[in-house]
1. Using the Karplus curve 6.51 cos²θ - 1.76 cosθ + 1.60 with θ = phi - 60°, work out ³J(HN,Hα) for each residue of region 508-514 in order, rounded to whole Hz, and write x for Gly and Pro.
2. When only Cα pairs under 8 Å and 6 or more residues apart are kept, what is the percent relative contact order across region 419-578?
3. Testing the spin-label approximation: label points 7 Å from Cα along Cα→Cβ at T88 and N293. State their distance in nm.
4. Could you tell me what fraction of 2.2 N^0.38 Å the Cα radius of gyration of region 300-355 comes to, as a two-decimal ratio?
5. Say the dipole of the chain comes from +1 at the beta carbon of Lys and Arg and -1 at that of Asp and Glu; which of S559, G131, H216 then lies farthest toward its positive end?
6. How large is the accessible surface of I447 in square angstrom, using a 1.4 angstrom probe and rounding to the nearest 10?
7. Rounded to whole Å and ordered largest first, report the semi-axes of the equivalent ellipsoid of region 129-280 derived from its Cα gyration tensor (root of 5λ).
8. Sort 466-473, 611-618, 422-429 by packing, meaning the average of other beta carbons within 10 Å per residue, with the highest value first.
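The values are calculated or read from the model by the stated rules, or taken from the named source; none is laboratory data. Here the structure is a predicted model, which is why all the values come from computation and not from measurement. Every residue, glycine among them, receives a Cβ derived from its backbone with ideal geometry; neighbour counts consider all protein chains shown. These accessible areas exclude ligands, DNA and RNA; they are computed on the full protein's heavy atoms, side chains included. Shrake-Rupley method; radii C 1.70, N 1.55, O 1.52, S 1.80 Å.
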Amino acid sequence: MLQRRVKRAPRLIAYMLCAAAGLFALDVGHAADDASKESILVSKGLCDDPEAMMRTKFFADIDAAEQEWIANYEALDTKEDVEAYQKTRREAFMRALGPMWERTPLNAQITGQGVKEKYRYENVIFESVPGVYVTGTLFLPLEERFKGPYPAMLVVCGHSSNGKAYEKYQGLGILAAVNGLAAFVVDPIDQGERHQYLNEDGKVVVESVPAHNLVHAGAILVGRNAATFEVWDNMRAIDYLQSRPEVVADKIGVCGTSGGGTQTSYLMSLDDRVALAAPSCYICTFFNDLTKNLGPQDGEQNIFGQLKFGMDHADYLFLRAPIPTLMCCATDDFFNCDDGWCSYRYAVRIFSRLQYSNRISIVEKDADHGYSEEARVATVRWALLWFTGRNDEIVEHDQPLLDDQEIRSIKEGASVMTLPNARASRELNLELAQQLKPERQKKWDGIDADIAAQLVRERAIVRAETPAAKVVAEEGNDVVFETDEDIYLTTRVNFGADEQFDELTIRISDVGRASEPTNAAFAAENCGKMAAVELRGYGETQAVGRTYYNHSHFGTDGSDYCLAYLLGKSYVGLRVDDLLAVANYYREKTGAKIKLQAEGYAGTVALIAAIAAPDMFESVELIGDLPTWESQLEKPYGPIVMANAIHGVLNDFDIDDLVGYLTKTGKFVK
């Protein structure tokens, strides 16, 4: 087994900057209990840091996923084993990306061109989907220096605000053209000329990583990912390259660094037309520093369930082995270089088993995160070697870069969104949600209770059998349940030693067991028997993570949510498991009929639990507003609380479908 050594690399502060700060207003409430009161979880020795409870649990799950990944990898003895492994992972990867689009006409336009000392260029706009404009610059060799047609590199950009205009990205395109290759440098969504979040004056208000996270949060609801848009745009960019007579259609490679390294990793894994690849400053592993120290990155870098179906960073390197693959890394990158070497070694072993060990290589630079000159030069040299057989020494001489106006594909306006009939990624997600709505509503028209239960359980990833809850601590009016290994729910009760009673109200809140409405409910004279269950990730176990996922938009536990997302888990489903476990415990112990009340976003948990276990609750009441998921897609900036988001939920139901169903059964209390 290859060993990973943890090395904490400095984080790139620019990547942590959330330009969306201040744009959103999400009232997540505050627990009203005494902050000075010691946690029962701590005092009883159950959990040293309640806020880290979920993160610690997910880390254990990631460790288990690593062992399973290694076991599956070590079983790859033959070429047939490798090919079957590649096929299943690629198919699972495509399913996780969700529905894409039909290949419609590109309607490509060349909007500008020019000639420099040793290269020429053309500014291009094409439509990857009708109304979705992709901007790029095609760099070409001068005919008097190199005769065409040329092998080509698709250069996908990392998280630069100015996209393809960034000197290191266009610089690689120029270096390729000067040495006899075509290179198409394209803007990703929310960068360069493709900013999607504009104010009334046409000024960019959210861009790059924060904008990608906004796209991603909405995409989750329809079973897509921010990566879905990038992968599709890049596939269509290859379509464009293959349409050009100057390009050798079967000699197209892909390269990029950072976010471009991510896009490279995905495209080289999924598109059979990619004949060569060079990802830079991205490949590491999910099993170590990236998840456990740095924390999950932006939306497109987390694919739903990829650790569940067994796809780590090493897989990107060999899912289409033996295409020639060059991995570029940096010693002081926050994408841990030691972890990258580990993944590289796993990939080398696969290439060796296929008898092509010479088709994979690595370049390491003593530098921090970024597209180093060494990586750019090595990438062009790698492409020349495998596409032309040339093994020339490549030197990055000073070549004139294109200025901001020369490289623009749009001559007026800040963004493609100013073009006629332009559509944003958010709009495409909303369109899909609206297309799904009639069929979704049809499912719930007269649906059988057992089918409804199965439908919500499968989509929300609720266990087929309700887990057992056991009491592990008591203190005053607090009772602590364990519903899963090392998962503790502090429950506030008002019935002391009473063990038998006729009716019990279970109350859940998205801010824990001592929210203001819950306090008022306990203080009411006609309160009756009540238990306020603090589900995992609420109250004192609520994570307050870094603002990489803007708290006011995504909730404070966006990073933890991404860990669950990678593992193919649903935060809502996990909380439904908790609720059903405690409700079942009290039902069996007391014989009481159980009423369910839920505040805020905990209402989602309540609705699904009541349908998933139709005999568990007598009634369901929601306290406060609970927006539908489709309504959240209608707003440019959401908000969308990630822990309340279920991957692909709008394929099967929305909040109003659940409320409507429970109303028909007579269980919903208005």
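1. Ordered by residue, 3J(HN,Hα) equals 10, 9, 6, 10, x, 7, 10 Hz.
2. Reported relative contact order: 19 percent.
3. 3.2 nm
4. In units of the 2.2 N^0.38 Å rule of thumb, it is 1.20.
5. About the Cα centre, the residue reaching furthest to the positive side is G131.
6. I447 has an accessible surface of roughly 30 Å² with all protein chains in place.
7. After scaling each eigenvalue by five and taking roots: 27, 17, 13 Å.
8. Top to bottom by mean Cβ count within 10 Å: 422-429, 611-618, 466-473.
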